[in-house]
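A short worksheet on the structure shown next.
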Amino acid sequence: MKKNTLLKSMDVLILTAIVIQFVIFLLNYEKEFVITLTAIVQFSFLLVYFIYSIRLRAYFETTINEENVFFSKQFSEIKDGINDVSYRVSEYFDRQRDIDEIRSHFGQSKVYYQKELLTKDGQRVTIELMLVTDKGIFICDFFEAKFILKGDFQKDRVDIQYSKNNSFSIVNPLSPVWPLFSELKSLLEIKEDSMIKRLMIIENQSFVLGMNTLDENQEIAKEDDIPAKMSRLLKQNKVHLSQEEMNQFISRIDEKIIG
């Protein structure tokens, strides 16, 4: 948008200069030959430059459009080959609204957003969004990209595909081997996995296969589905932490928070 505005501003300035030179040309016609000739030359150069700038902008816009068309075609090809499309999700994230929506389900909570947790061996683990609540700990990760996600969400790895020839295996964000999950379990000496709930929030044009493999502590949601998915996570939840237990968890986490 800024580039287009800049190009349009340049066009206006060039057109203004052309008009001025043309006026000079008319005023000096048959009176001052040298001035008239100079004005004609300047007018010609400016006109050529103006035409060139228009063609350059058209080329730039065409290139961008071609890239968008290419990647959209790639994604359509792999999407069309899937018969069991079980989930579609939203494309835009309003992070603050999402955080408020998630937090509204709890009476008491502490939010950690875009922080890092220092592990016992000196490594850093990223916290996208995490809440310590009276109903347990909730880890939320945002995935703002167009992709197809598939696999068994009880396993350590799932497959992610961005285009026809761009597919690979990743660590399952909802599994116990997810770095933040395993570090929290160790740090807080948690015995039961059900103490930690995991939520993926993904984009509108993405697809997820294998939703039937999710357990009661896992969920995948589009932005509009956050209330329903949070309700599902809490429906069978049996965790009820006292303020003292929450404070103990928060105190241990705060000691390891960086940033």
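For residue 226, indicate whether it is in a helix (DSSP H, G or I), in contact with a strand residue (DSSP E or B) (Cβ under 9 Å, 6 or more places away or on another chain) and surrounded by 18 or more Cβ atoms within 10 Å (Cβ to Cβ). Yes, satisfied. Taking the criterion of being surrounded by 19 or more Cβ atoms within 10 Å (Cβ to Cβ), in a helix (DSSP H, G or I) and under 24 Å from the mean Cα position of the chain (by Cα), the residues of the stretch 177-200 that qualify are 180, 181. In the stretch 216-259, what residues are modelled with pLDDT of 90 or more and touching a Phe, Trp or Tyr at 6+ places or on another chain (Cβ under 8 Å)? If the condition is that a residue be modelled with pLDDT of 90 or more and touching a Phe, Trp or Tyr at 6+ places or on another chain (Cβ under 8 Å), then 218, 220, 233, 241, 253, 257 are the ones that fit. When restricted to residues that are open to solvent by 80 Å² or more (accessible area, probe 1.4 Å) and not in a helix (DSSP H, G or I), the stretch 235-251 contains 3. Considering only residues in the stretch 143-171 that are of a type in the set (Lys, Arg) and closer than 17 Å to residue 213 by Cβ, the one that is least open to solvent (accessible area, probe 1.4 Å) turns out to be 150. Residue pairs whose Cβ atoms lie under 9 Å apart, separated by 6 or more positions or on different chains, with the first residue in the stretch 241-252 and under 14 Å from residue 107 (Cβ atoms) and the second modelled with pLDDT of 95 or more and aromatic (Phe, Trp, Tyr), are 241/249.
If you check 119, 126, which single one turns out to be open to solvent by 60 Å² or more (accessible area, probe 1.4 Å) and at pLDDT 85 or above? Show your work before the answer.
Working: 119 fails: open to solvent by 60 Å² or more (accessible area, probe 1.4 Å).
Sole residue among the options that is open to solvent by 60 Å² or more (accessible area, probe 1.4 Å) and at pLDDT 85 or above: 126.
The values are calculated or read from the model by the stated rules, or taken from the named source; none is laboratory data. Note that the coordinates shown come from a computational prediction; the quantities given were computed from them, not determined experimentally. Counting neighbours? That spans all protein chains shown, and the Cβs are built from the backbone with ideal geometry, glycine included. Ligands, DNA and RNA are stripped out before the accessible areas are found, and what is left, the full protein with its side chains, is counted by its heavy atoms. Shrake-Rupley method; radii C 1.70, N 1.55, O 1.52, S 1.80 Å.
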